[in-house]
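To start, the structure under review is shown below, and the notes come after it.
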There are 2 protein chains.
Amino acid sequence: MKVGVVQESFFGNKESMQTLLKKRVGQLAKDGANLVVLQELHDSNYFCISEDVKNFDLADGFKDDIEFYSKLAKNCGVVLVSSLFEKRAAGLYHNTSIVFEKDGSIAGKYRKMHIPDDPGFYEKFYFCEGDLGFEPIDTSLGRLGVLICWDQWFFEAARIMALKGAEILIYPTAIGWFDEDSDEEKKRQLDSWITIQRAHAISNGLPLVSVNRVGYERDKSRCIDGIRFWGNSFVCGAQGEIIKRLSQKSESCVVDIDLKRSEEIRRIWPFLRDRRVDYYDDLLKKYIDNG
Amino acid sequence: MKVGVVQESFFGNKESMQTLLKKRVGQLAKDGANLVVLQELHDSNYFCISEDVKNFDLADGFKDDIEFYSKLAKNCGVVLVSSLFEKRAAGLYHNTSIVFEKDGSIAGKYRKMHIPDDPGFYEKFYFCEGDLGFEPIDTSLGRLGVLICWDQWFFEAARIMALKGAEILIYPTAIGWFDEDSDEEKKRQLDSWITIQRAHAISNGLPLVSVNRVGYERDKSRCIDGIRFWGNSFVCGAQGEIIKRLSQKSESCVVDIDLKRSEEIRRIWPFLRDRRVDYYDDLLKKYIDNG
């Protein structure tokens with residue numbers, strides 16, 4: 001599988017972003033990519049940086065956006081993992097990944113299940129938590145375990161995808177630093193983000209693609225200064241080994257992933273064989289208060 | 001909390017190992033340790049390297065071993081995490097950690113829940129899988145999430161300990177390389193082992209101590225040549241940041257761990273708040289065949 005990764009900084013508006021992404025996906029297809037993964041909410045600024053009802057307007061074009069990326073997938077002949085702001089009904093929105101087949105048809109969709117909410121990342125205001133569960137998406141390239149950003153901190157999500165036969169884990173993402181944090185704290189955060197995702201690859205014997213946005217986005221509401229999205233999109237193999245790690249700039253590339261390595265790795269590390277499902281009931285609880 | 005870590009290579013027999021460990025624990029207590037963690041099956045060679053019924057003799061001294069380590073904990077005034085070969089009945093053995101209080105009393109025990117079995121690590125022959133579940137152990141120093149070796153590959157174990165209020169994750173371990181593997185493969189294995197454990201710390205906002213054996217142990221049955229236990233015991237903080245990592249030699253040291261950092265880290269990364277327990281049922285299955 002040849003995965004195209006598009007790590008971009010936001011500029012202008014939806015039209016300028018779609019024009020840019022069209023160019024990027026086209027180039028990656030020419031370079032041999034058969035799967036392309038875009039970053040989280042790639043059509044807009046990271047509007048969740050503040051709470052403003054006007055931002056719901058950004059989801060008005062949801063159906064047009066689907067049409068745009070459907071055509072792009074078809075024209076480029078790639079499976080395309082998009083990340084869109086879904087308007088489902090008035091007052092009901094989701095953070096949704098639509099996956100397009102090479103012929104432009106919709107292969108499946110995933111609605112972000114774990115929704116964050118902390119200063120600068122007010123997603124619980126904008127997004128209803130997903131109600132489609134953790135269902136991998138079948139495509140002509142294989143079964144894709146598509147999850148989104150905050151999901152990456154929850155091994156439960158990756159595990160369920162693996163138990164349902166996902167052959168690769170994919171995370172469109174938007175994560176960054178606050179400039180006021182110390183360099184040490186920034187290093188710990190970036191390192192944790194890479195580490196926990198590599199651990200999902202290791203736990204499940206699956207390759208993983210994580211595509212982050214990059215660049216500085218100011219909070220116009222001035223609650224915070226802004227977020228410096230840290231880029232560092234990466235691809236790792238079924239032992240968690242880094243195959244490719246991008247910089248902290250706009251960058252696109254094609255990465256070769258050998259899906260057959262999972263078979264080999266799961267033979268030497270047969271974790272799925274040894275899970276103690278007879279003792280996992282407590283995973284279904286928020287906390288065990290008298291544990 | 002001041003944690004003493006004892007990473008040793010096996011030599012001689014149980015008596016020589018107990019004499020050595022007595023000396024090591026005594027020194028760590030003098031150096032300020034109030035908790036000491038020993039490596040997996042520290043009293044013997046890693047006998048699971050081959051299948052031989054004679055090795056069950058090694059568990060005959062289980063009660064004497066408890067007495068020995070009880071006295072050691074009391075004499076040194078430390079909480080002591082041991083790792084012993086438990087004979088429960090004829091033909092019924094466990095890989096068990098007994099945790100001793102500073103006064104020599106037994107604070108609790110944990111029977112290894114996830115049992116590996118692959119060439120050179122024939123643990124399913126020797127050990128019945130644990131039937132005590134994932135229960136943290138209360139001590140005068142806090143609530144300890146004691147797990148053992150192969151458990152470290154299963155985030156389920158760490159998570160349940162965290163949900164039951166464990167304040168630290170602790171893994172006595174025996175893991176190593178085969179000399180015939182390539183340097184690249186060895187690097188991937190060691191790196192995976194560190195990465196997945198750091199991820200448990202990150203996932204749960206908890207510090208973690210992993211104590212591995214070190215040194216080369218030959219397989220007298222000649223099924224394989226032997227195992228080169230890779231040492232590299234380490235301690236990391238609640239963001240997965242490495243606080244101390246040992247070498248690939250016999251080594252002991254005291255590491256300072258700030259248990260209060262979990263409170264701080266869980267405020268900025270409130271993963272426990274956002275778990276979708278309403279969609280985790282599939283974690284209780286071995287696989288979802290028609291997923």
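The values are calculated or read from the model by the stated rules, or taken from the named source; none is laboratory data. Every value quoted in this text rests on a predicted model; they were computed, and no experiment measured them. Every residue, glycine as well, gets a Cβ built from its backbone with ideal geometry; the counts of neighbours run over all protein chains shown. The protein model used for the area step is the full one, side chains on, heavy atoms only, and it has no ligands, DNA or RNA in it. Shrake-Rupley method; radii C 1.70, N 1.55, O 1.52, S 1.80 Å.
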field: Hits in the range B:7-29 (condition: open to solvent by 40 Å² or more (accessible area, probe 1.4 Å) and part of a helix (DSSP H, G or I))
entry: B:Lys14, B:Glu15, B:Thr19, B:Lys22, B:Lys23, B:Arg24, B:Gln27
- request: Determine the pairs where a residue that is closer than 15 Å to A:Leu28 by Cα, located within the range A:243-261, has a partner that is assigned to a strand (DSSP E or B) and charged (D, E, K, R) with Cβ atoms under 6 Å apart, the partner being 6 or more residues away or on another chain.
  value: A:Val254/A:Lys2; A:Val255/A:Lys244; A:Asp256/A:Lys2
message: Out of B:Ser182, B:Ser210, I need the residue that is more than 10 Å from chain A (Cβ to nearest Cβ) and crowded, with 21+ Cβ neighbours inside 10 Å. Which one?
response: B:Ser210
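Identify, from the list A:Asn55, A:Asn45, A:Asn13, the residue that is touching a strand residue (DSSP E or B) at 6+ places or on another chain (Cβ under 6 Å) and polar (S, T, N, Q). Full working, then the answer.
Numbers: A:Asn55 fails: touching a strand residue (DSSP E or B) at 6+ places or on another chain (Cβ under 6 Å); A:Asn13 fails: touching a strand residue (DSSP E or B) at 6+ places or on another chain (Cβ under 6 Å).
Exactly one residue qualifies, and that residue is A:Asn45.
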message: If I filter the range B:257-271 down to residues being surrounded by 13 or more Cβ atoms within 10 Å (Cβ to Cβ) and touching a Gly at 6+ places or on another chain (Cβ under 8 Å), which single residue comes out as nearest to the other protein chains (Cβ to nearest Cβ)?
response: B:Phe271
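So which residues in the range A:106-124 are under 18 Å from A:Gly145 (Cα atoms) and more than 10 Å from chain B (Cβ to nearest Cβ), if there are any at all? Working first, answer last.
Of the range A:106-124, the ones under 18 Å from A:Gly145 (Cα atoms) are A:106-115.
If the condition is that a residue be under 18 Å from A:Gly145 (Cα atoms) and more than 10 Å from chain B (Cβ to nearest Cβ), then A:Ile106, A:Ala107, A:Gly108, A:Lys109, A:Tyr110, A:Arg111, A:Lys112 are the ones that fit.
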statement: Within the range B:149-172, restricting to residues that are over 24 Å from A:Gln152 (Cβ atoms) and touching a Ser or Thr at 6+ places or on another chain (Cβ under 6 Å), the one that is surrounded by the most Cβ atoms within 10 Å (Cβ to Cβ) is B:Pro172
query: So which of B:Gly4, B:Gly32 ends up being open to solvent by less than 10 Å² (accessible area, probe 1.4 Å) and within 23 Å of B:Cys236 (Cα to Cα)?
result: B:Gly4
statement: Cβ pairs under 7 Å, 6+ apart or interchain, first in the range B:275-291 and facing another protein chain (nearest Cβ under 7 Å) and among the β-branched types (Val, Ile, Thr), second buried (at least 17 other Cβ atoms within 10 Å of the Cβ) and assigned to a loop (DSSP other than H, G, I, E, B), ordered by first then second residue, are B:Ile288/A:Lys164
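Which members of the range A:138-148 meet the condition of being more than 10 Å from every other protein chain (Cβ to nearest Cβ) and open to solvent by 10 Å² or more (accessible area, probe 1.4 Å)? I'd like the intermediate steps shown before the answer.
Restricting attention to the range A:138-148, the residues satisfying the condition of being more than 10 Å from every other protein chain (Cβ to nearest Cβ) are A:138-142, A:144-148.
Passing the criteria: A:Asp138, A:Thr139, A:Ser140, A:Leu141, A:Gly142.
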task: Kindly establish whether A:Ile98 is away from every other protein chain (no Cβ under 14 Å), surrounded by 21 or more Cβ atoms within 10 Å (Cβ to Cβ), within 16 Å of the chain's Cα centre (by Cα) and not charged (D, E, K, R).
output: yes
query: Of (1) under 13 Å from the mean Cα position of the chain (by Cα); (2) within 9 Å of another protein chain (Cβ to nearest Cβ); (3) within 16 Å of A:Pro207 (Cα to Cα), A:Trp153 satisfies all except one. Which?
result: (3)
message: Let me spell it out: the conditions are (1) touching a strand residue (DSSP E or B) at 6+ places or on another chain (Cβ under 8 Å); (2) open to solvent by 20 Å² or more (accessible area, probe 1.4 Å); (3) touching a residue at least 24 places away in the same chain (Cβ under 8 Å), and B:Pro119 meets all of them except one. Which number is the exception?
response: (1)
message: Conditions first: (1) facing chain B (nearest Cβ under 9 Å); (2) in contact with a Gly (Cβ under 8 Å, 6 or more places away or on another chain). A:Val254 passes all but one, so which condition is the exception?
response: (1)
query: B:Arg198 fails exactly one of the following numbered conditions: (1) touching a Cys at 6+ places or on another chain (Cβ under 9 Å); (2) open to solvent by less than 10 Å² (accessible area, probe 1.4 Å). What is the number of that condition?
result: (2)
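When the residues of the range A:224-252 are narrowed to those that are of a type in the set (A, V, I, L, M, F, W, C) and in contact with a helix residue (DSSP H, G or I) (Cβ under 8 Å, 6 or more places away or on another chain), which ends up most open to solvent (accessible area, probe 1.4 Å)? Let's see the steps before the verdict.
Taking the range A:224-252 and keeping what is of a type in the set (A, V, I, L, M, F, W, C), we get A:224, A:227, A:229-230, A:234-236, A:238, A:242-243, A:246.
Among the residues that remain, those that are also in contact with a helix residue (DSSP H, G or I) (Cβ under 8 Å, 6 or more places away or on another chain) are: A:224, A:227, A:230, A:234, A:236, A:238, A:242.
On the way: A:Ile224: 27, A:Ile227: 0, A:Trp230: 3, A:Phe234: 2, A:Cys236: 0, A:Ala238: 4, A:Ile242: 75 Å².
Applying the filter and picking the extreme gives A:Ile242.
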